[in-house]
Amino acid sequence: MKILIDADGCPVVKQATQIAKENNIEVVIFCDTSHIINSDYAQIITVSKGADSVDFALVNEVKSDDIVVTQDYGLAAMVLSKGGKAITQNGMIISDSNLELLLTSRYESKKARMSGAHLKGPKKRTAQNDEAFVKSFKSLLCVD
């Protein structure tokens, strides 16, 4: 098992890496050239900028039982199809049982934006979001 992190805009890279390090689990962080990420533990893979370039690099590396940290439901769908597990930055575990609803919501939001609607952005990140992520992430790893 490895932890793969879609790090472009991910606020829990440090938490995920620290928990993985404490449990001796390999971490691979994916980002594009517009981000500079450093880690004394994780392997960093930097890809060129481009639509979904990080997603495709990550999904090409994922194996069965790997855990992927991402907020991208499309990437999560590809991860699940390869036998991996996916978790969002807020601790929501994405599975076959909730994926269809998430993808439908994503599609409807994109359709609304394309027709000129202005949707609210995400709420400001809180300590509770970080706590929820850590709790769910540890449960996926089966650690305390």
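Annotations for the structure displayed:
- Any chance Leu99 is farther than 12 Å from Phe137 by Cβ, in contact (Cβ under 8 Å) with a residue 60 or more places away in the chain, in contact with a helix residue (DSSP H, G or I) (Cβ under 8 Å, 6 or more places away or on another chain) and of a type in the set (A, V, I, L, M): no
Okay, residues lined up against (1) in contact (Cβ under 8 Å) with a residue 40 or more places away in the chain; (2) closer than 16 Å to Val79 by Cβ; (3) among the small types (Gly, Ala, Ser):
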position	(1), (2), (3)
Asp6	yes, yes, no
Lys14	no, no, no
Ile25	yes, no, no
Val28	no, yes, no
Tyr41	no, no, no
Val59	no, yes, no
Val68	yes, yes, no
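- Against the test of being exposed (fewer than 12 other Cβ atoms within 10 Å of the Cβ), polar (S, T, N, Q) and free of Cβ contacts under 8 Å to residues at least 40 places away in the same chain, the options Ser53, Ser115 yield a single qualifying residue, Ser115.
- All of Ala117, Ala132, Ala127 fail the test of being aliphatic (A, V, I, L, M), more than 14 Å from the chain's Cα centre (by Cα), modelled with pLDDT of 85 or more and more than 18 Å from Ile5 (Cα to Cα), apart from Ala127.
- Subset of segment 94-144 (residues that are in contact with a Lys or Arg (Cβ under 7 Å, 6 or more places away or on another chain) and either in a strand (DSSP E or B) or among the hydrophobic types (A, V, I, L, M, F, W, C) (or both)): Leu119, Leu140
Residues are listed down the side, and each one gets a yes or a no for (1) among the hydroxyl-bearing types (Ser, Thr, Tyr); (2) free of Cβ contacts under 8 Å to residues at least 60 places away in the same chain:
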{"residue": "Thr88", "(1), (2)": "yes, yes"}
{"residue": "Ile94", "(1), (2)": "no, yes"}
{"residue": "Pro122", "(1), (2)": "no, yes"}
{"residue": "Thr126", "(1), (2)": "yes, yes"}
{"residue": "Lys138", "(1), (2)": "no, no"}
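The values are calculated or read from the model by the stated rules, or taken from the named source; none is laboratory data. All values derive from a computational prediction rather than experimental measurement. Every residue, glycine among them, receives a Cβ derived from its backbone with ideal geometry; neighbour counts consider all protein chains shown.
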